[in-house]
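Report on the following structure.
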Amino acid sequence: MTSQREKLIELQMMHQQMKQIQKHLELMEEGLGELISAQESLKEIGTLKEGTQILLPLTNGVFTKAQLADQNMFLVNVGAGVVVGKTLEQVQKLLEDQAEEMAKQQHELAETLENLSTKASELQEELR
C-alpha cells in the first residue's frame, strides 16, 4: 500500500511534468506560428518580380535592403552546414510537412498532458 507521503511526492512530480509539457507546447505554438509566417512570406515572394527590392531580416527587428534575384530558388540548410537549392514549390512543401509534423506532436503532447492531469486529479482525490 502506498503511503500518503509517496502519493504526495508522486503528485508533485506529475505537476512538474505537466508544467514542462505546457512550456514545450507553448514553444511549439511559437514555432508553428513562425512556420505559418514563413509560408505566407513565400506566397508573397512568389508573386514578386525579379529585381524587386525587399527587406531582408537579419535578426529580430533588424533588416537590410536587398534585391530579389530569383523568386523561385531558395537555399535550404539540410544539416551539418550543407545548403542545397530548392524551388519555391519544394520549400513550400517542406514547410507544410514541418507544420504538419509539429501539429501532430502538439496533439500528442496535449493528450499526454490531459492524461497526466486526469491521473493527478485522481491522486488528489485519494489524498483527501
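Laboratory data are not the source of any read-out in this text; all were calculated from the coordinates shown. Worth saying up front: this structure is predicted, and the values here are computed from it rather than measured. Cβ coordinates were reconstructed from backbone atoms using ideal geometry, including for glycine residues, and neighbour counts include every protein chain displayed.
Taking segment 1-95, which trypsin sites (Lys or Arg not before Pro) meet the DSSP loop condition and have no more than 14 other C-beta atoms within 10 Å?
On the way: sites: Arg5, Lys7, Lys19, Lys23, Lys43, Lys49, Lys65, Lys86, Lys93; in loops: Lys49.
Those satisfying the criteria are Lys49.
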Checklist entry - For the chain, how many pairs of lysine residues have a Cα-Cα distance under 29 Å, where the two are 8 or more positions apart or belong to different chains? => result 20
Checklist entry - In terms of modelled amide H atoms, which long-range or inter-chain residues lie less than 5 Å from the amide H of Thr52? => result Leu68
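Give the calculated FRET efficiency between Leu27 and Lys119 to the nearest 0.05, with a Förster radius of 30 Å applied to their Cβ-Cβ distance.
Values: r = 24 Å, r/R0 = 0.79.
After rounding to 0.05, the efficiency reads 0.80.
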Checklist outcome for this item: Summed over the other residues with a beta carbon less than 12 angstrom from that of Leu123, with K and R at +1 and D and E at -1, the charge totals -2
Checklist outcome for this item: Pseudo-spin-label distance Gln106 to Glu89, built 7 Å along Cα→Cβ, given in nm, is 2.8 nm
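Quick check: from the Cα gyration tensor, does segment 37-118 come out rounded (a/c under 1.5), prolate or oblate? Walk me through the intermediate numbers first.
Numbers: a/c = 2.51, a/b = 2.19, b/c = 1.15.
It is prolate, given that a/c is not under 1.5 and a/b is the larger ratio.
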Next on the checklist: Using alpha carbons only, how many angstrom separate the centre of segment 68-102 from the centre of segment 1-63?
Outcome noted: 19 Å
Checklist outcome for this item: Expected vector for segment 39-56, Karplus 3J(HN,Hα) from phi with 6.51, -1.76, 1.60 and θ = phi - 60°, integer Hz, x for Gly and Pro, equals 4, 5, 5, 4, 4, 5, 4, x, 8, 7, 9, 4, x, 5, 7, 10, 9, 9
